[in-house]
Structures are given as C-alpha cells and as structure tokens.
Amino acid sequence: MLLPLKRSYTQYVKMEKNIKERLRALRATFAPKGIGAFIVPSTDPHLSEYVAPHWKAREWISGFTGSAGTVVVTESEAGLWTDSRYFLQAAEELKGSGITLYKEGLPGTPSVTEFLSERLRSGEAVGIDGKMFSVAQVEQMERELAPRGIRIRTAGDPMERIWEGRPPMPQDPAFVYGLQYAGKSCREKVEEIRSELKGANAEALLLSSLDEIAWTLNLRGSDVHCNPVVVSYLMITAGETVCFIAPEKVTEEVRSYLAEEGVSLRDYAEVEDYLRAFGGRSLLLDPRKTSYAIRSAVNPSCAVVPGESPVALLKAVRNEQEIAGVHEAMRKDGVALVKFLRWLEEAVPSGKETELSVDRKLREFRSAQPLYMGESFDTIAGYKEHAAIVHYTATPESDAALRPEGLLLIDSGAQYLDGTTDITRTIALGELTEEEKTDYTLILKGHIDLAMAKFPAGTRGAQLDVLARMPIWKRGMNFLHGTGHGVGHFLNVHEGPQSIRMNENPVTLRPGMVTSNEPGVYKAGSHGVRIENLTLVRKAGEGMFGAYLEFETLTLCPICKKGIRKELLTAEETEWLNAYHERVYESLSPRLDAEERAWLRQATAPL
C-alpha cells in the first residue's frame with residue numbers, strides 16, 4: 001500500500017517503461033491462448049484480500065500498490081478498477097503507465113464486463129487464471145458477457161512466463177496456536193463443522209479461505225504480511241480431515257499436533273488431483289470463497305452443494321476464552337497508545353517528527369507489550385491533506401513533517417497472541433480551522449450514535465449504518481467505505497461475514513461478534529477525519545417482541561477532545577464520551593507510571 005506522491009522524473013520514466021513492457025509481454029500471450037483480453041485481479045488462489053508477494057501480479061503488471069483493484073488488458077487498452085479508498089493513490093501511481101483509472105461506485109464508471117462488451121467482438125474470449133477468480137465471479141461474468149457473444153476462457157497463469165524474478169511461494173513454517181488463546185480445540189471445531197454439514201445435506205466440505213483454515217486447525221503462520229495465516233486447503237468429511245500444505249511448512253511439532261487432532265497431511269499441490277478422485281456423494285463449496293479452478297476439479301460423480309461456508313459464522317462468534325483474550329489485548333494496546341500519545345504531544349513542537357517517525361515510535365511502544373506478534377496492518381499516518389487519502393501509507397518520498405497545527409490521522413493495529421486490534425484516532429496537533437473542527441465533531445457524533453445503539457436480535461449491519469452517517473448526511477457529506485468490518489482473533493484484521501455498511505448484507509449481528517465502528521470524512525487537498533473503535537456485540541436484555549442487543553466498546557484509548565465543538569454534541573453524546581473516558585482511565589491507569597497517569601487523567605477529563 002505504498003504511495004510515492006513525489007517521484008523523481010527518472011523514477012517516472014523508469015516506471016512508465018517497465019509497465020509498458022510488462023503489458024506488451026502479457027499481450028504477446030493472447031494469440032496463442034485465443035483470447036482478446038486478460039483480467040488480472042488482486043487476489044491469490046484462496047481469494048484473499050491481502051496476498052503473499054508471489055501473487056501480487058496486479059501490482060506487478062500495473063504499478064498500483066493498493067490492496068484492492070482489478071486490471072483489464074485488451075490488445076490496445078488497459079484499465080484499473082478500484083474503490084474510493086484508492087482513488088487518489090491510484091491516480092498518482094498510474095501516471096505514465098498507459099493504464100486508465102476507473103473509479104468504482106461512481107456514476108458513469110463502466111463495470112469490467114461493460115468495458116469488455118464495448119471492446120470485444122462476438123465470438124472473442126476473455127482470458128482468466130481460474131485459480132484467481134471465485135466460482136461466483138466467473139458465473140456472473142459469463143452471464144453478463146453472454147448476450148454479446150463473448151466467452152470466458154481459463155488461460156492459466158501467464159505470469160509464470162513473463163514475470164522475471166517473481167518471488168517464490170511462501171515457505172515459512174506454521175506453528176500451533178495454543179488452546180489457552182483459541183478456547184476450543186481443533187477436534188471440537190471439526191465436530192461443530194460436521195454438525196453444520198448435516199444441516200446442509202452435504203457429506204464433505206472443502207475450505208479454501210486461509211483464515212477459516214487457520215481458525216479450524218488452531219494453526220498460525222507468517223505467509224501473508226500482517227495476517228498470521230498458512231497457505232493451505234482443508235477437506236473435512238464425516239470420517240477424515242485432510243490438510244493440503246507444502247511439506248516444508250510442517251515442523252515435527254505441527255505434524256505431531258495435527259496427528260493427535262485427527263488431521264492427515266497431503267502436499268499442497270495435490271488438492272486438485274484429490275478432488276478429481278474424490279468418491280463422496282456431495283461436497284459443500286462456498287461459491288464466493290472457492291476458486292473456479294478448484295470447482296472445476298471436483299469429480300463429476302460428486303454433487304457440488306453451493307452454500308456459505310459454516311466456518312465463517314462459527315469463527316465470527318467469539319467463545320469466552322477469546323473474549324477474555326481480546327479484552328486483555330485491548331488493555332495492552334491501550335497502554336501502548338497512551339504512552340505514544342503522550343510522547344506525540346511533547347515531540348511535535350520540536351519540529352523533528354514526521355509521518356514515518358511516528359509510525360516507528362508507535363510500533364516501538366506496542367512491541368514492548370507482552371504477547372506482541374507484529375502489526376495487524378501497515379500503519380496509516382496521514383497529516384493534513386494526506387489524511388484525505390483513505391489508505392495512505394507514507395514513504396520517504398511523501399513523508400510529511402508534523403507541525404503544531406492541523407489534524408493527524410493514525411489508523412493502526414497490532415497482533416497479539418490473545419487478540420487483534422484496529423484503532424483510528426484523529427489528533428489535533430494545534431490550531432484547527434472551523435471546518436476541521438466541525439468535520440471532526442460530526443464524525444465523533446456518528447461514532448457515538450452507533451456505539452450507543454440498542455437493537456433487536458436479528459438486526460443486520462446495514463440497518464444500523466445510517467446512525468454513523470446521519471450527522472454528515474445532514475451537511476451533504478458522506479464516505480464511501482464501510483462503517484464496520486469484522487476483526488479476527490489473532491487473524492486477519494478484516495473478516496466477515498458480518499459488516500456495517502450501506503450495502504445490504506443478510507448476516508445478522510450476534511452476541512460475540514467483534515466489529516469496527518469507523519465513520520470518516522475526507523476532503524482532498526485539505527484534511528481527513530476518522531474515529532475507530534472495535535466493539536463486541538452483547539446481549540442487552542429482553543424487550544418488546546424478544547431479545548435486544550447492544551455494542552460494548554472494546555478499544556481503550558482517549559479520543560482527542562481538542563477539536564470538539566461542544567455545542568454540536570447532544571447531552572447524551574457528551575455523557576457517552578465522558579463515561580467512555582472514565583472507563584479508559586480506570587482500565588489503563590493501574591498499568592501506567594505516575595506521569596503517564598497524570599497525562600491520562602487530563603486526556604480523559606469530562607468534557
């Protein structure tokens with residue numbers, strides 16, 4: 001997610017030349033494969049959001065380093081489709097590449113299939129690597145292209161031939177995730193999954209999603225930056241559990257552990273051969289999480305049952321041990337953040353600090369905490385106009401010096417063995433404009449209004465999303481990212497199946513789910529504001545027509561008060577903020593020294 005805002009002329013010329021050469025190399029593969037275009041997504045064979053370097057083909061072919069995007073290459077054109085988080089970043093990184101930016105979600109932006117329908121003739125084919133697209137994606141593309149007589153053709157992985165110096169597949173070993181953190185054994189989880197299979201009328205389940213596999217097996221690894229997962233597949237039938245994993249990733253400890261849990265091992269490369277020979281009568285596959293290549297490999301005599309993976313929901317509802325662990329992780333993270341914010345307040349006036357230096361300092365404070373395992377994602381530290389770039393990451397070329405004025409947005413998180421954290425604070429470093437104060441307060445209002453929500457069981461995230469947006473909607477403003485996402489347990493910082501966003505999601509919020517609360521507003525060239533805490537859905541007692549639920553805020557860190565326009569907050573919102581700050585102080589002060597406690601007491605004083 002690097003964003004070189006200030007490339008030298010030499011860098012631009014070199015990048016332009018490299019990208020154009022790569023596009024030419026890709027186009028040279030079209031004729032032998034009988035295709036008129038090729039689609040390069042951002043994912044891997046497990047349809048992951050974040051991928052190992054080996055599978056960063058979209059980044060290699062385009063020069064765009066954001067985590068989400070799709071490149072489409074025809075004989076004469078190339079385009080990149082990405083969402084609002086990356087509009088500014090993509091526009092900068094695509095300069096000179098010959099690749100056109102298409103902004104998803106905006107009126108007038110054609111979809112990928114609309115683009116292809118206008119440029120290919122009837123009878124032509126669009127090439128894909130079947131390992132990089134889900135079954136659902138391919139079926140949708142086929143439906144949309146069929147009226148124009150355009151076909152989808154699996155053309156293998158052209159990067160194997162044209163990507164010189166391609167990084168190897170991940171080879172680091174997996175490790176066992178202790179029961180004291182997981183709360184349930186692998187055997188218990190597999191039995192729960194088998195019970196779910198009976199309800200789905202399926203004999204077996206193939207898991208491709210790396211976080212679902214890691215959760216089921218109680219294994220973790222380092223195959224994906226910031227995401228402690230292990231590249232593998234997992235087959236669960238009534239009588240056996242088979243993990244497909246590269247042999248070099250299996251230590252003797254892992255081998256022995258899996259054998260004790262009833263899990264047998266096969267080579268990662270054998271999964272398609274296994275499916276071709278599989279003699280079961282029915283196999284559950286999630287069409288949104290299973291690649292087209294995997295689905296195509298299933299023995300024709302085995303009925304494929306399309307359905308959602310039961311693991312996603314089982315994983316999203318935390319058990320008691322996991323809930324206790326994430327509370328402890330939040331206390332440790334809160335201590336690190338208090339130390340950091342106190343340091344920041346003293347350091348900025350010196351004029352020596354920058355976006356990169358505060359990133360390093362925050363990592364230093366976190367790494368001193370027990371059970372720290374690394375960051376949960378690359379820190380976003382955006383000062384002033386950089387904060388308007390939703391997924392900005394500073395580089396030596398873009399690194400901005402901090403001054404005692406304006407807003408600094410810091411979105412960061414950590415991986416601890418007992419939990420994953422994700423927090424955003426927008427901090428007033430000094431004097432603010434009235435516009436900055438108003439925007440900050442409106443986002444705070446939306447954050448608090450969602451945090452205070454009480455709702456009947458069976459409520460979906462989309463039904464609550466308006467609470468966070470209404471304060472800025474009233475001023476004609478909006479944000480295009482989701483308001484809330486699920487967060488894994490020492491796993492991926494983004495997970496489902498629950499969400500809080502404008503788009504409809506049928507998954508209801510349930511007790512034990514951890515979800516972010518992060519409204520924001522972004523004004524290009526000026527400033528950005530986002531305030532994020534993690535929340536736990538919990539029971540709130542009985543009410544009319546049944547049970548009710550509410551959010552417990554998990555994150556423990558002061559919310560900056562310097563930018564608040566008090567008159568814009570209601571009495572109830574002010575009361576919530578004061579109560580939250582008192583809980584932050586009570587939870588963290590026993591772990592701080594006298595000077596840190598004094599600073600925290602002031603930072604959490606009633607508004």
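The values are calculated or read from the model by the stated rules, or taken from the named source; none is laboratory data. Predicted model, so just to flag it, every value in this text is computed and none were measured. Cβ atoms come from the backbone with ideal geometry, glycine included; neighbour counts cover every protein chain shown. Heavy atoms of the whole protein, side chains included, go into the accessibility calculation; ligands, DNA and RNA do not. Shrake-Rupley method; radii C 1.70, N 1.55, O 1.52, S 1.80 Å.
Structure above, values below:
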{"quantity": "Of all residues in region 274-314 being in a loop (DSSP other than H, G, I, E, B), free of Cβ contacts under 8 Å to residues at least 40 places away in the same chain and hydrophobic (A, V, I, L, M, F, W, C), the one that is surrounded by the fewest Cβ atoms within 10 Å (Cβ to Cβ)", "calculated": "C302"}
{"quantity": "Qualifying residues in region 25-75 (those that are in a strand (DSSP E or B) and farther than 20 Å from M169 by Cα) - the one most open to solvent (accessible area, probe 1.4 Å)", "calculated": "T70"}
{"quantity": "K198 open to solvent by 40 Å² or more (accessible area, probe 1.4 Å), over 30 Å from V73 (Cβ atoms), of a type outside the set (G, A, S) and at pLDDT below 95", "calculated": "yes"}
{"quantity": "Test: F479 is open to solvent by 10 Å² or more (accessible area, probe 1.4 Å) and among the aromatic types (F, W, Y)", "calculated": "no"}
{"quantity": "Pick from region 130-154, criterion free of Cβ contacts under 8 Å to residues at least 60 places away in the same chain and among the charged types (D, E, K, R), ranking: farthest from T290 (Cα to Cα)", "calculated": "R148"}
{"quantity": "Filter pass, A381 being of a type in the set (A, V, I, L, M, F, W, C) and not in a strand (DSSP E or B)", "calculated": "no"}
{"quantity": "Extreme residue, least open to solvent (accessible area, probe 1.4 Å), among residues of region 445-476 that are hydrophobic (A, V, I, L, M, F, W, C) and in a loop (DSSP other than H, G, I, E, B)", "calculated": "A453"}
{"quantity": "Filtered residues of region 558-583 (kept if within 11 Å of A605 (Cα to Cα), part of a helix (DSSP H, G or I) and not charged (D, E, K, R))", "calculated": "L577, N578, A579, Y580, H581"}
{"quantity": "Count - residues of region 154-181 that are surrounded by 12 or more Cβ atoms within 10 Å (Cβ to Cβ) and under 21 Å from R22 (Cβ atoms)", "calculated": "11"}
{"quantity": "Among the residues listed as D267, D223, the single one being closer than 21 Å to A52 by Cα, in contact with a Lys or Arg (Cβ under 9 Å, 6 or more places away or on another chain) and acidic (D, E)", "calculated": "D223"}
{"quantity": "Region 76-116 - residue that is over 20 Å from Y50 (Cα atoms), of a type in the set (S, T, N, Q) and crowded, with 17+ Cβ neighbours inside 10 Å and, of those, modelled with the highest pLDDT", "calculated": "T113"}
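Yes/no per residue for (1) outside any loop (DSSP other than H, G, I, E, B); (2) not aromatic (F, W, Y):
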position	(1), (2)
Q180	yes, yes
I193	yes, yes
K198	yes, yes
N201	no, yes
L205	yes, yes
E212	yes, yes
W215	yes, no
V229	no, yes
M235	yes, yes
